[in-house]
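Values quoted throughout were computed directly from the atomic coordinates according to the rules given, and no laboratory measurement underlies them. This is a predicted model, so every value here is computed, not measured. Because the Cβ atoms are built from the backbone with ideal geometry, glycine has one as well, and the counts that use them run over all protein chains shown.
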Amino acid sequence: MNANLSSIDSTAKRQVERTPGSSFDALCRSGVRILRHLLRNPMTLAGLLVALLLIVVATFAPWIATHDPVAQNLANALQAPGAAHWFGTDEYGRDIFSRLVYGSRITLYIIALVTVIVGPIGLFVGTVSGYFGGAVDTVFMRLTDIFISFPSLVLALAFIAALGPGLEHAVVAIALTSWPPIARLARAETLSLRNADFVVAVELQGATPARIILRHIVPMCLSSVIIRLTMNMAGIILTAAALGFLGLGAQAPLPEWGAMISTGRRYMLECWWLVAVPGAAIMLVSLAFNLLGDGLRDILDPRSE
């Protein structure tokens, strides 16, 4: 009997020790848990470091770049990588390294703007559709199915054809093709939450549907949506590069990575660095966001504990 009571007391004591004493304590414990996971998973840490490197390079591009990214010098055209030009020069004598550095700004701009547009739209459509159901769910999901039925690049090309080429138009086109998976994910999460006890409790207290969705359902869907958005960033980068390659994204002389590959493909057999350097940058950043998304899924998913 005493042994059972001692076991119960020790279990209760451990439970109290695991319970955060304050919001700051909970935040510290969450940070320690995330850091422990990153140190245990080197691939996730590598993805995070590359993503942070992209942000640092884009922020300090004027100080990192060694040359003006748009200044032409035909006397130095198609120079191989060397001490003067680390990644060589293009057909107009522009420094590839400097253009790559400034191109990170365009890539980060596209990622950030598309994410800011796609996240709220997908959350709104998914949570409203899942919570109300019925005719609202039918209308929203059929609209979502229409967007999903087309390949994202083909649909983006259709929007670009209607809007015209340009960086801002490319962002709008990519955003319009990227929200349906977020909406379907948010709807699935909402369907599993709308009959939960805490939702029923706030409904009995007289809370409006808007308050329930914004204050109780959306926060519960955020972790899954953040994971999905992070993993979608690789697709956003590839779609933006494809539009730039086709001449429908950022226009010359902006140093967009896809456009750099497009202009360099005419010389790629003799001057491999023209396509290899921006291509490697696209591959590395896309891979980093995929690895980071996998790591966030393990961290934010409570079932992984």
* To do: Can you pull the one-decimal nm distance between simple spin-label points at GLU168 and ILE55, each 7 Å off the Cα toward Cβ?
  => 2.7
* the chain, relative contact order in percent, only Cα pairs under 8 angstrom and at least six apart counted -> 21
* Structure fact -> Per DSSP loop assignment and a cutoff of at most 16 other beta carbons within 10 Å, the chain keeps its longest run without exposed chymotrypsin sites (Phe, Trp or Tyr not before Pro) at 93-271
* Structure fact -> So the FRET efficiency between ALA83 and TYR109, C-beta based with R0 = 30 Å and rounded to 0.05, is 0.45
* Taking neighbour Cβ counts within 10 Å as the exposure measure, how do VAL57, VAL200 sort from fewest upward? -> VAL200, VAL57
* Asked: Cβ under 12 Å from LEU74's Cβ, LEU74 left aside: what net charge do those residues give with Lys, Arg +1 and Asp, Glu -1?
  -> -1
* Structure fact -> Using alpha carbon centers only, the stretch 68-114 is separated from the stretch 189-241 by a whole-angstrom value of 41
* To do: For n ≥ 4 DSSP H runs only, could you compute -39500 (n - 2.57) per run for the chain, divide by its residues and tell me the 222 nm figure to the nearest 500?
  => -24500 deg cm²/dmol
* the stretch 164-190 residues near the modelled LEU143 label - backbone nitrogen below 12 Å, point 7 Å along Cα→Cβ -> 180
* To do: Return one number: the angle in degrees, 0 to 90 and rounded to the nearest 10, between the long axis of the Cα atoms of helix 23-40 and the longest principal axis of the Cα atoms of the chain.
  => 50
* Asked: So how strong a dipole does the stretch 33-150 carry about its Cα centre when Lys and Arg Cβ are +1 and Asp and Glu Cβ are -1, to the nearest 20 debye?
  -> 500
* Measure off 7 Å from each Cα along the Cα-to-Cβ vector at ALA135 and ASN195, then give the distance between these two points in nanometres to one decimal. => 2.4
* To do: For LEU204 and LEU222, calculate 0.36 nm times their separation in residues minus their Cα-Cα distance, and state this gained length in nm to one decimal.
  => 4.0 nm
* Figure the gain on full extension for VAL70 and ALA252 (residue separation times 0.36 nm, minus the Cα-Cα span) and round it to one decimal in nm. => 64.6 nm
* Under the definition of Cα pairs under 8 Å and six or more residues apart, what whole-number percent is the relative contact order of the stretch 62-113? -> 35
